[in-house]
Structure formats: C-alpha cells, structure tokens
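Written below as structure tokens is the structure these notes are about.
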Amino acid sequence: GEDASVDAAVWAAYQAILSNVPSTQPAEYAQGEPVLVINPLSATNTIPGEEEHVFQVRLTKGGFPLVGYEIQASTDFGVLNQVSALTGVDGVAEFSVTSSLPGTANLTATADFTLPTVEFFLSVFNPQ
C-alpha cells in the first residue's frame, strides 16, 4: 500500500543522489598540499636567436593534476606573453618570457586553490 509507494519514492531519491557521486575522487580531495612547479627551474638562452623562453607551470595535489585553475605569472625582466592561463588536463599552464637584451629574469607563479565544499548526509530516526 502506502508504505510501498513511500519506500519506492525514498529509493528513487537515494538512487538520484548516488548517480551524482563521482566514481573517482577528484584531485582536489587527494592527500597532501597543492604543489606549484615552474619547469624548467633554470635555463640559459643565447641572444640573438633565443629571445623567447617557454616555461610551464604545473599545479598538482597528491601527484594528481588540478585542471581548470588560473595560474598567474610575473617576471622582473623581459615581457611575458600572458599574465595568466588556465591549467589543462595535465595541470599545466604554458607561458613565455621574451627579451632582446641580456639579463636575468626571475619568474614567479601563483594560483588560488580553494577546497570544494563537502556535503554530508545525516540520517536520524526519531520515532516521535
């Protein structure tokens, strides 16, 4: 009777919730701190001929790439091709710094990382 229809409705709602749970844990939930690495860490370019230097910034957490995060880059020498870029499926954003003059460029990269919200479901049985 009525209990069976309520049970079916509860079961359908439960299945709907389960269908929204990802089958694998997102990288944001991996253990460890977020890690931001510039690659290569050091390089020498010869002028003329190598005015542009390409570098990558990789954002990971627990060794897993963080996808779709905005990376900001800056330099104290030369000109960057862009000041921000989004990480791809490999957690990498690519930049380049260019100069026709000799000098040393110190590169800085930053990213804002916020843990996603977590939903908790609590079942309480209250017979009153």
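The values are calculated or read from the model by the stated rules, or taken from the named source; none is laboratory data. Being a predicted model, the structure only gives us computed values, none of them experimental. Every residue, glycine as well, gets a Cβ built from its backbone with ideal geometry; the counts of neighbours run over all protein chains shown. What goes into the accessible areas is simple: the full protein's heavy atoms, side chains included, and nothing from ligands, DNA or RNA. Shrake-Rupley method; radii C 1.70, N 1.55, O 1.52, S 1.80 Å.
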Qualifying residue in region 60-73 (condition: of a type in the set (D, E, K, R), modelled with pLDDT under 95, in contact with a helix residue (DSSP H, G or I) (Cβ under 7 Å, 6 or more places away or on another chain) and closer than 24 Å to residue 32 by Cα): yes
Search result, residues across region 1-54 that are under 25 Å from the mean Cα position of the chain (by Cα), β-branched (Val, Ile, Thr) and under 27 Å from residue 108 (Cα atoms): 35, 37, 38, 54
Scope region 75-93; condition loosely packed, with under 15 Cβ neighbours inside 10 Å and either touching a Leu at 6+ places or on another chain (Cβ under 9 Å) or of a type in the set (Asp, Glu) (or both); matching residues: 76, 77, 90
Pairs, first in contact (Cβ under 8 Å) with a residue 12 or more places away in the chain and buried (at least 19 other Cβ atoms within 10 Å of the Cβ) in region 53-74, second aromatic (Phe, Trp, Tyr) and assigned to a strand (DSSP E or B), C-beta under 6 Å, six or more apart: 55/95; 73/95
Region 1-52, residues that are acidic (Asp, Glu), at pLDDT 85 or above and open to solvent by 70 Å² or more (accessible area, probe 1.4 Å): 33, 50, 52
